[in-house]
Each structure stands twice: as C-alpha cells, then as structure tokens.
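Take a look at the structure below.
The values are calculated or read from the model by the stated rules, or taken from the named source; none is laboratory data. Everything numeric in this text was worked out from a predicted model, so none of it was measured. Glycine also receives a Cβ, built like all others from the backbone with ideal geometry; neighbour counts cover every protein chain displayed. Remember, those area values only see protein heavy atoms, side chains included, never the ligands or the DNA or RNA. Shrake-Rupley method; radii C 1.70, N 1.55, O 1.52, S 1.80 Å.
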Amino acid sequence: MPILIQASNLSKEYSGQKIFSGLSFAVSEKQKIGVIGRNGAGKSTLFKILSGEEASDSGELIVNEETNIGYLRQNDDWREDESALAYLQRQSSRPEWRVRQLASKFELGRDKLAQEASSLSGGWRMRLKLSGMLLKDPNIFLLDEPSNYLDLNTLLLLEKYLQAYRGSFMIISHDREFLKRTCKETIEISKNGCYHYPGDIEAYLAFKEKKLETIIKANESLERQQQHWQEFVDRFRSKDSKAKQAQAMIRKINKLETKRISIEHQAGITRINMIPVAKRHNFALKINNLDIGYGDSTVVSDIDFDCRSGEKLVILGLNGQGKTTLLKTLSGRIPALNGSFRFAAASRIAYHGQ
C-alpha cells in the first residue's frame, strides 16, 4: 500500500524544553491509528507538524504528493461574527448545497448554520469543525480529541462514520472505549520516541504490561548476579591470591550494567482526597418549575426534580438542550428565569465547567 506520511527521527523543543525526539513511523492507506501518551508528551504538537502548521526542529517528514490531510484542531478557528455556514464555505470552498448536504449528516440544519459559529455550544462546535474537515475530502485525517463535548447520539454517529471510512486516520483521545471501537492500531508517544503496535489499544496495553514485567524480571536477574559477584569482590579484592579474579569480576559487573534495560519513568498515581461529607437522610437539592436560559431566551422550562443526599445523577441530552445552562444556573453563574431551586442547609457547592 502507498505510504501517505513517513516520519523519521522527528524532534521538537519549546524554549529549550524537549517535547519529544526520535519519532519515527509511517502511515499507509486504510490504516486507522489511535495515538496515546501522557499529557504533555507532544501528541497535539505532532499533529501540528504533520499538518504543516509547525515545523520539527530536526528529522524528516515525507508527505506523499497524493496525500490530502484533514486536521481537526482542539482550538476554534472561525472568525469573529462568522456564521456557521460561512465558516464551512471558507474552510472548504464548496458550493452551499454541498456544505448543507454534508453538515446535515451531523444534524447541522438551517437554523444552526445561520447562527454565529462562536455562539454554538461545545458539542455543536465540534460537529461544525468535523463537517469543515470532511468537506475537504481528505484521504487521511488527524482528529485531536474529537469526542470532547459530543453528546451520545453524535458520538455514535461519529463512531459509525469512522468504522465505515475507507481512508486512513490518526486519532488522539483519552477515551479508551472510543479508541477501541474505531482504531485498529496504536501509536504511543513519549519524550524519547514512539512505539507503533499493530493492534488496538486493549491489545497494546496488555502487550505493554507483559513487556514491562519481562523487563523487570530481567533486570532483577542481572541485579542478583551483580550482587553475587560484588560479594566476591568485597571479600577477596584485598587478598593477593584472589586480586586478579576480583578485578575480572569487577569487569563483569560493569559489563552486566550495560545489559540493564532502562525503564521509562512511570507516571505517578494521582491521588484525589475527597473531603468527608456528613451523612444526611433528607434532600440535597429541590427544583420546582425552573425555567433556564439567557436574557429573554428560554432554553428549558418546567424543570422539576429532587436529588436526595448521597444520590449521584448524570444529566443527558442532545447538544444545545441546556445541560450546561442548568449547571450554570444551579451554581449561581447565571440567574434563573423562573421557578425556584434550593440546596440543603449548609451545602457547599463546587462547579467544574467546560
């Protein structure tokens, strides 16, 4: 199969800090690759280099002349006051009928396309960027965290599209299940290079764990041998009759050290200390006939439910249906339009937004 992109020993630094080095891999037709790595490993930076937005500090990147790269960025790239339709037309230079046809696959209808791109909710923005990328008819595309902010329906739609797609793609995602359902190969990026595994993320993680166990056992075996020889050296190095043997042992110990396989520093475990919460047996939150929205625009009306102490609730709904608006209202960031809500006495509220 023709190679679309080939990278050899790519490296990148910012302000003297190494992001990665020694990245080498190739992507051919019909390859579906999940890209993983720690935060800060350079995944998004690599995509910027592959798309031509940035240059590597060293190494070689060869892009086939027939390769057409589509790139889904994390950051928004529309202009101020630009409508969703105008954004798609500017991105693709396609006629309006074609833009509307493809946008409809992601349920971007006439009303949504007429709105300013910047006014759309997070999920609709992601749908808009996906449409803009696909309108360019790429034969390989780079998706940087595409599942962020998508509602369940759109996520399933995207997964179905990717599973049926006949071209190549590379996806950065921390969503293990999403990668498992869409990608057949895995590339893990680290500061010192990358590893391309010809299997999905589940197979790769199992392989990686087994490989690590093998390396640890091999290093432990070397350490035991070194310790045994070191005991001989410590015991006999001062005796003339054993001095030559002791020196030979020292050389062997040094030689064994070169056989030790280095293990990349493992990420520390993140520990989250949860503040103890007093057990209660009454309600935590009561909502009565609540209307939410912005100014004179009501997004949802007649919200009515209770949350008892200790309950954990998930809020589901299509993009733009008011999930975030509800949380902003309950957290006091925007006022309620009508109705009421109240938390239990002495409640302490924490809010983590998009």
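Quick notes on this one:
- If you plug the beta carbon distance of A164 and Q74 into 1/(1 + (r/R0)^6) with R0 = 22 Å, you get a FRET efficiency near 0.30.
- Projecting label points 7 angstrom from Cα along Cα→Cβ for S301 and N192 puts them 6.4 nm apart.
- The candidate values are (1) 67, 59, 44; (2) 97, 64, 37; (3) 61, 51, 44; the one derived from this structure for Cα extents along the principal axes in Å carries the label (2).
- The relative contact order of segment 70-181, computed from alpha carbon pairs under 8 Å that lie at least 6 residues apart in sequence, is 31 percent.
- Contact order, relative form, for segment 1-71: 41 percent (alpha carbon pairs under 8 Å, 6 or more residues apart, mean separation divided by residue count).
- Annotation: per residue accessible area for segment 267-343 equals 74 Å², rounded to a whole number [probe 1.4 Å, protein chains only].
- Bins of 10 Å, starting at 0 and running to the largest distance - Cα pair percent for segment 57-131: 18, 47, 20, 13, 2
- Considering only E231, E145, E223, the mean-square fluctuation computed in a Gaussian network model of the chain, springs between alpha carbons under 10 angstrom, is largest for E231.
- Note on segment 103-202: the C-alpha convex hull projects to 7.3 nm² when averaged across all orientations.
- Projected label distance in nm at E220 and M274, using a 7 Å step from Cα toward the beta-carbon: 3.4
- Solvent-accessible area per residue, Å², over segment 1-75 with all protein chains present [probe radius 1.4 Å]: 50
- Label-point gap, in nm, between A345 and N254 - each point 7 angstrom along Cα→Cβ: 7.8
- Mean Cα-pair separation over length for the chain, i.e. relative contact order, pairs under 8 Å, 6 or more apart, %: 16
- Computed over protein heavy atoms with a 1.4 Å probe, the carbon and sulfur contribution to the accessible area of segment 283-354 reaches 51%.
- A 1.4 Å probe run over the protein chains yields, for segment 171-250, 65 Å² of accessible area per residue, whole-number rounding.
- Flagged links, alpha-carbon separation over 28 Å, of K184/K208; K43/K112; K105/K180; K112/K180; K105/K323: K43/K112; K112/K180
- Expressed as a whole percent, the accessible surface of segment 1-156 that belongs to carbon and sulfur atoms is 43, based on a 1.4 Å probe.
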